[in-house]
1. Please state which one of 53, 30 is more than 20 Å from residue 9 (Cβ to Cβ) and in contact (Cβ under 8 Å) with a residue 24 or more places away in the chain.
2. Residues of segment 11-34 being part of a helix (DSSP H, G or I) and open to solvent by 70 Å² or more (accessible area, probe 1.4 Å), which ones?
3. Can you give me the number of residues within segment 56-75 that are outside any strand (DSSP E or B) and in contact with a helix residue (DSSP H, G or I) (Cβ under 8 Å, 6 or more places away or on another chain)?
4. Name the residues in segment 76-98 that are open to solvent by less than 60 Å² (accessible area, probe 1.4 Å), within 17 Å of residue 25 (Cα to Cα) and assigned to a loop (DSSP other than H, G, I, E, B), would you?
5. Would you point out the residue of segment 53-65, among those that are surrounded by fewer than 17 Cβ atoms within 10 Å (Cβ to Cβ) and in contact with a Ser or Thr (Cβ under 7 Å, 6 or more places away or on another chain), that is modelled with the lowest pLDDT?
Amino acid sequence: MSNSMKITAGQTSTRTLTDLIRAMDGQRATTVTYVDSKGEKSVRTIEIHNILTTAKGEITVKAMCRARGEMRNFSLDGIKAYTIHRIRFVLAVPEEKVREASPVAHFASSADQLIDLELERDYYSAPKLKLAA
């Protein structure tokens with residue numbers, strides 16, 4: 001990955017999400033420029049442990065924040081720029097947050113199993129979907 005900041009406004013949200021998933025899978029620290037719900041801007045280095053979809057369809061990045069030393073939630077829409085570093089994760093996830101932070105493996109032998117795994121990871125439970133044949 002490049003060490004220059006990628007501006008999210010200059011790319012699709014799919015591209016941003018793909019890069020953040022790669023950072024999570026590779027356990028690579030990521031520096032983000034983030035604007036919170038109050039409009040306050042900050043630059044944080046985070047260690048992404050999970051990416052979830054809320055019941056409202058918003059994407060939330062759950063990550064250990066190196067500045068605060070605790071698990072934080074970041075809205076994908078609030079991430080305005082990012083860079084993925086070569087350095088690996090260094091923060092220990094608090095014991096009570098380990099289960100919540102650990103992503104479910106994407107191993108599934110059928111499309112139905114994959115959908116069930118993804119729905120399990122998300123914040124809400126939805127009726128099981130069936131793919132049309």
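1. Among 53, 30, only 53 is more than 20 Å from residue 9 (Cβ to Cβ) and in contact (Cβ under 8 Å) with a residue 24 or more places away in the chain.
2. Those that are part of a helix (DSSP H, G or I) and open to solvent by 70 Å² or more (accessible area, probe 1.4 Å): 13, 14, 15, 22, 25.
3. Of the residues in segment 56-75, 1 are outside any strand (DSSP E or B) and in contact with a helix residue (DSSP H, G or I) (Cβ under 8 Å, 6 or more places away or on another chain).
4. Scanning segment 76-98 gives 89, 91, 93.
5. 54
The values are calculated or read from the model by the stated rules, or taken from the named source; none is laboratory data. Note that this is a predicted model, so its numbers are computed, not measured. Heads up, the Cβs are rebuilt from the backbone with ideal geometry, glycines too, and the neighbour counts pull from every protein chain shown. Note: accessible area is taken over every heavy atom of the protein model, side chains too, but ligands, DNA and RNA are not part of it. Shrake-Rupley method; radii C 1.70, N 1.55, O 1.52, S 1.80 Å.
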